[in-house]
Amino acid sequence: AHHDSLYTMVIDAAQRRVRPCLMTTGTTMLALLPILTSSGRGAEIMIPMAIPAFGGMFALLFSLLLVPLLYAIWKEMAWKFEMKAEDDV
């Protein structure tokens, strides 16, 4: 019973988080593209600053998938540990 409600809760929370996260990430990546592709004056300073920000956006997209998964695994393990502790008593 706990597993069904846990997965329903995690999927619902992840679905609520997808759109705002994708909008923020998408607009930031689009804003960085002109900097990353520039070759004019100041590009040698701006490009090295834009690369980590662009990479951070990829990490954010990865965390969008990873965080709900890790939360579900963590909760499931906690419940299994509680059940085992109750059985040992």
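The values are calculated or read from the model by the stated rules, or taken from the named source; none is laboratory data. Source: prediction; values computed, not measured. We place every Cβ from the backbone using ideal geometry, glycine too, and count neighbours over all the protein chains shown. Heads up: the accessible areas ignore ligands, DNA and RNA and are worked out on the full protein's heavy atoms, side chains in. Shrake-Rupley method; radii C 1.70, N 1.55, O 1.52, S 1.80 Å.
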Just to be sure I understand the filter: pairs with C-beta atoms under 7 Å, separated by 6 or more residues or on different chains, first member in the stretch 63-80 and of a type outside the set (Asp, Glu), second member assigned to a helix (DSSP H, G or I) and open to solvent by 80 Å² or more (accessible area, probe 1.4 Å). Which pairs pass? 64/17; 72/7; 79/2
Taking the stretch 61-89 only, how many residues are open to solvent by 40 Å² or more (accessible area, probe 1.4 Å), of a type outside the set (D, E, K, R) and closer than 26 Å to residue 15 by Cβ? 12
Matching residues in the stretch 8-55 - criterion: being β-branched (Val, Ile, Thr) and part of a helix (DSSP H, G or I): 8, 10, 11, 18, 24, 25, 27, 28, 35, 45, 47, 51
When you scan the stretch 46-55, how many residues do you find that are of a type in the set (Val, Ile, Thr) and open to solvent by 80 Å² or more (accessible area, probe 1.4 Å)? 1
Looking across the stretch 30-45 at residues that are surrounded by 11 or more Cβ atoms within 10 Å (Cβ to Cβ) and over 26 Å from the mean Cα position of the chain (by Cα), the single one that is nearest to residue 15 (Cα to Cα) is 38
Which numbered condition residue 58 misses (of (1) open to solvent by less than 80 Å² (accessible area, probe 1.4 Å); (2) assigned to a helix (DSSP H, G or I); (3) touching a helix residue (DSSP H, G or I) at 6+ places or on another chain (Cβ under 9 Å); (4) not basic (Lys, Arg)): (1)
Assess whether residue 22 counts as being farther than 30 Å from residue 76 by Cβ and either without any contact (Cβ under 8 Å) to a residue 24 or more places away in the chain or of a type outside the set (Lys, Arg) (or both). no
Answer yes or no as to whether residue 13 is free of Cβ contacts under 8 Å to residues at least 12 places away in the same chain, open to solvent by less than 100 Å² (accessible area, probe 1.4 Å) and of a type outside the set (Phe, Trp, Tyr). no
